[in-house]
Structures are given as C-alpha cells and as structure tokens.
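Below: one structure, written as structure tokens.
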Amino acid sequence: MAYFVTGATGFIGRHLVERLLEREGDIHVLVREGSTDKLEQLMTQWGPEAAGRIRPVVGDLVQERLGLPDEALAELEGKIDHFFHLAAVYDMTADAEANRITNVEGTRHAVELANALEAGCLHHVSSIAVAGLYKGLFREDMFDEGQKLDHPYHRTKFESEKIARSQARGPWRVYRPSIVVGNSSTGEMDKIDGPYYFFTAIKKARHYLPGWFPLVGPEFGYTNIVPVDYVASALDHIAHQPGLDRQAFHLCNPKPQRSGDVMNAFARAAHAPQLTMRIDSALLKALPKGTLGMLMQLPAARGVRRAFLADFGIPEEVLDYIGLTAEFDTRDAERALSGSGISVPPLDSYAAKLWDYWERNLDPDLFKDRSFEGAVNGKTVLITGASSGIGRAAALKIAKAGGIPLLVARSEDKLEQTRQEIEDLGGSAYVYSADISDPDSIEDLCDRVLADHPAVDILVNNAGKSIRRSIELSYERFHDFERTIRINYLGTIKLTMGILPHMRQRKSGHVVNVSSIGAQTNPPRFSALIAPTKIYDSFPTISSDEAADLICEAIRAKPKHIGTRLGTFGEVAYALAPKAVDQILSTAYKVFPDSAAAKGKKDPTEAASTEQVALAHLMRGVHW
C-alpha cells in the first residue's frame, strides 16, 4: 500500500498522516522547497517509524502536476494506491486571489498529478462551504443545486470539488468537514478560526464580570463543529472501505449546534459568564427591508462596529457567516463508519481542553510585549515641564528603558543637567527651551523638534501650574487665572495641535496629558501641580517618582484614564454622596487656611499643625 498526501504538514493533514502510519506502506508527502524543516519536526513527533516510511516529495501547488520533475513521476507512476489532496486555504478571511490560486488551481494541478500517476483513488478533502447559502437540508449526494456562493471561500471550495469530480480519470471520493476545531484529547489547534474568534470576548467577560453574571447576547443560528481527530479518523477509515467510490461524505456533527450553546460551552470551560438571554438575529430581519443595512452604512455605525470587532479580535468577514443557512445530512458517513467506534464527541466533553490549549498557546495576548521597555524602546518622547519634578523623573525612567526624551522647559540650565544625568546613565536626550504659555514659542518649538527628528512618537503634556489662593484673596488677581489657563489649557492644546498633524501623517502617535488629583477631588482654595509652599513639607503627597510611574504606565498600557486609587475614590464618592463630600471639603477649607505666600507675606515659622498633618495623612495625595 502506498499513499501520496498534499497538505500533510497542515492541521488536518498531519493528523491524517498519524493514522496512515498505523497502516502499512510508504507515505509520499508533498513539501515545498525550503519547507522541509517543518516536515522534519513533525516526523520527530510521529516517532522513529516515520523516518523509514515518510518520503518527502519536493513540489508546489501553483505548478502544473504540482511541479514534480519527470524522474519523480516515473518513479511513482502506477505505485500510488491512495492520493489524498488536503492542501487548501481553510480561511474565510483570506483574499479572493489567495483562495483561487490555492483552492482552485492547486486542486487542478493535484488532479493532473493523480491522473499522471494513475493513482488508485483520489480522496479530495472539500468543505461544507460548497453548500454556500443553500437553505434547507443539504444531502451528501447533492452538489450543484444552484446555491448562492457569494463569498470567495465558498466559490473556490465549490469550484475545486467540481474539478475533482469532473477531471479525475480514476475513482474519487469527496469529504466535507464542517468547522474543524482542536484535538478533543489534547486541545491542540494551529490557528485562530471559527469559534476561537470569540475566545477573547469570553476572556474579557471573565475578567470584568463574575461567573454567575447573566449576559444578553446575539443568537446567530445553527453552526456545526467537529474536532480534528474525528475528521482524520473518519477520513482514514472511509478511505479504506470498499465500494464507496464517487461518493461524498459529510464529516459533520449529526446534530447541529446553536451558536449560543457553543459559546456557553466555552464560557463554562473558561469559568466566564454565560448568555442567559439570546436575541435571535432573525428578529433583525423583521425590520422594514433595508432598515438595518441603511443604518450600518452610516459612518458612525460602521466605525463603532469596526472598533467593537477589532477590540475582540473578530474579523468583519466572518460575522455574517456564523450561522449556517443549511443543515447537513451525515447518513452516508455514519453508514461508512458503522462498527468502527468513530463518532463525533459532544462538545461539552472536550471544550475545556480546547479552551485550555488556546489560553496557554494561542491567546493573542501571549504574544504582545506588554513591558514598558517594549513601549518606549527606540521611541522619541517629547516631555514638557522636564526640568524638574514629575517631568524630570519621567524622562529618566523613559531614557533608562531605551526611549529618547526630548526635554522641554523654560530653564535651559536645568534641562542640560537632566540631559547630562541621562547621558551619564548611558541614555540619550535632547534639550529644547520653550515657554508653553507663549503660542509663538510653542510654534517655534514644533518647528525645531520636527526638523531635528524624523518622528515624535509620544507627547507628554506635563507642564502645568496651579495657585493655592482662596477666591477672597483673588479679587484683584485676575491675571492668576489667565496665567494658569495659558499654561495648563491653551498651551497644552497649542502644542498638541502642533504635533498632531505629524502623528496623523505617520498614522502613529500617543498623547499623554498630565492633570491633577484636584480634577477628581475638588479641593478648596485652588481657585484659578502646585507651586511648592513650605507647609507641604509635612504633608504625605505622592512623590515625583510615584507620579512619573503613572505616566510610564499610561505610555505602556494606553488607558483612556489613569489615576491614584484615592482620586478614583473621590470621584465615586462625590457621585454617590455629594453632600457628605462637600462636608469633608468644607472641613478641609477651615483646617487649611491660606498660606502666608498666598497673602503676599513671608513667614519662616509657618508649619503644619497637628490637625492639618492628621487630615493630610488620612487623605494622602490630596493637596489641601
């Protein structure tokens, strides 16, 4: 007995080869030149017997007769009992040309070779995709029923099966697997496909919600899932049964599953919340004709849809094909498998294995560099207010991680000290003196920076000023408000608008705006980042280094908002109990009077009282 297998290193193919190794005979496998390493790795997994029975045949699907030279044809002619053609694109997201070249032309060349070798039987692995959008029961003896084939994948699977049926000179058999998932014993899978597209959403639901939380979600209709080991075992068994030529076999689950039930099976395996209420997508079709389509054509709706799907890693191309329009008869396959003990296991019996394998080996988050170093290494980071405090501390951390800080402040001397410190530590930095309260100075800064550097990857708007002075002492000081607004608000906007066109042109960039806990907790007397007063020496405010850590985390994780726990508590507390928080703020107003500096005086003896220190410790981080 001798075999020829295309796609032997693919997912279904390598499982089939394992079954064929349990039989007698040599196995000739097609391998592209330069891809023999993958085959050698698989042969090691298949065991010592594989080395003596696996015969690599160098060729290519895109060439006539798979590119086999005449001498190889002569050596194999008349000696192949079973020709298995599995090499194909099994991917709804692949483009039309890739589908055509591999599925259609590849099948044409495979059939040409099988004919030239006078192979005993051509075994063509097709797909239930040949049914396209057929509605109703699709039997195994059905093929060309006028079904809609609007997707490139559906069309090419139909066309390739047609070639196998019509152009094979010898006997042929066709196998149509449904949606193939991982091995039911080991969970092994080689790519994200089918139900795996929704695993990220399940993981996120588990992260944010308790397992008992009831979810409401869509019901896309019926689907059909089988594990790869069933497909390989059924394919091997049926191929060796006599009297079954010129037939097609559905390697499917005899009982189609609802998509919601499938998702819940994986949610249970992940210990995640399940869909307790499912909205049938058919209800959307009850809307007036064209209503939904018209709504989805709106730019805002399309943008929301794309962003939502991208966040969960779900390709847009597959969303409309989750629910199958056809049911698939499996009676011929079941008769051929009768007495073999080969059957489709229930999903609940192996869903946990599939989930565990995905979480350990395929989860896209496993392959993301989530380190701060990965976020800034080699990146140019413009930091305002970098001569001291938070800006200086952030610049040092960024440079240590491999980033290139562009240090911006008014004081060039202090900036040079920071640059020298960075260079002494082995990093590099650049100094730019500018006044963020002056629009002309900001324009000049942008011109200089963009002329000196090919890219500004990250902008950190850190420069800021605040004035702790009660409104009673500010009646004649309107310029304080103007000065604060010029730096904190207008300067930040002006600089961002100066850098943003450059980032948009590169389609890459990140802006981090540094605010204050005052925006969350509304402390009194900040009527107009604090200018230091002596009284703060006794207060447990967070350090510049701790604040710089928040900036670094914002650069690394790119959240919409980041702050201290106390700040978040202050926001939540004010939303839930505003009157109680107002009482606390009123107490603080009385406990922390205006400083001597706010009154235009100097008091070298000024110090925090015991009462002030106690309240400051109780709410560490709030500038009272």
Checklist entry - What single numbered condition from (1) in contact with a strand residue (DSSP E or B) (Cβ under 8 Å, 6 or more places away or on another chain); (2) on the phi > 0 side of the Ramachandran plot fails to hold for Gly187? => result (1)
Checklist entry - Hey, any hits in the stretch 112-125 for a residue that's outside any helix (DSSP H, G or I), under 33 Å from the mean Cα position of the chain (by Cα) and crowded, with 16+ Cβ neighbours inside 10 Å? => result yes
Item to check | Residue match in the stretch 422-444 (condition: assigned to a strand (DSSP E or B), aliphatic (A, V, I, L, M) and in contact with a strand residue (DSSP E or B) (Cβ under 7 Å, 6 or more places away or on another chain)) | outcome: yes
Checklist entry - Would it be correct to say that Lys353 is surrounded by fewer than 21 Cβ atoms within 10 Å (Cβ to Cβ) and over 27 Å from Glu219 (Cβ atoms)? => result no
Next on the checklist: Exactly one of these conditions fails for Ala129: (1) part of a helix (DSSP H, G or I); (2) surrounded by fewer than 18 Cβ atoms within 10 Å (Cβ to Cβ). Give me its number.
Outcome noted: (2)
Checklist entry - When the residues of the stretch 445-488 are filtered to those that are at pLDDT below 95, part of a helix (DSSP H, G or I) and basic (Lys, Arg), which remaining residue is nearest to Ile499 (Cα to Cα)? => result Arg486
Checklist entry - Across the stretch 74-100, what is the total count of residues that are touching a helix residue (DSSP H, G or I) at 6+ places or on another chain (Cβ under 9 Å) and farther than 17 Å from Thr9 by Cα? => result 15
Item to check | Subset of the stretch 382-405 [at pLDDT below 95 and either farther than 15 Å from Val514 by Cα or surrounded by fewer than 24 Cβ atoms within 10 Å (Cβ to Cβ) (or both)] | outcome: Ser387, Ser388, Gly389
Item to check | Selection count, the stretch 327-358, where residues are assigned to a helix (DSSP H, G or I) and not small (Gly, Ala, Ser) | outcome: 13
Checklist entry - Would you call Val408 under 25 Å from Ser516 (Cβ atoms) and either out of contact with any Asp or Glu (no Cβ under 7 Å at 6 or more places or on another chain) or at pLDDT 95 or above (or both)? => result yes
Checklist entry - Out of the stretch 224-260, which residues are modelled with pLDDT of 95 or more and closer than 14 Å to Ile322 by Cβ? => result Asn224, Ile225
Next on the checklist: For the stretch 261-290, which positions are touching a strand residue (DSSP E or B) at 6+ places or on another chain (Cβ under 6 Å) and modelled with pLDDT under 80?
Outcome noted: Ile279, Asp280, Ser281
Item to check | Options Ala88, Ala110, Ala129; residue that is closer than 23 Å to Asp236 by Cα and in contact with a Phe, Trp or Tyr (Cβ under 7 Å, 6 or more places away or on another chain) | outcome: Ala129
Item to check | Qualifying residues in the stretch 209-243 (those that are in a loop (DSSP other than H, G, I, E, B), of a type in the set (Gly, Ala, Ser) and under 29 Å from the mean Cα position of the chain (by Cα)) - the one surrounded by the most Cβ atoms within 10 Å (Cβ to Cβ) | outcome: Gly221
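The values are calculated or read from the model by the stated rules, or taken from the named source; none is laboratory data. Nothing here was measured: the structure is a model prediction, and the numbers come from that model. Note: ideal-geometry Cβ built from the backbone for every residue, glycine included; neighbour counts use all protein chains shown.
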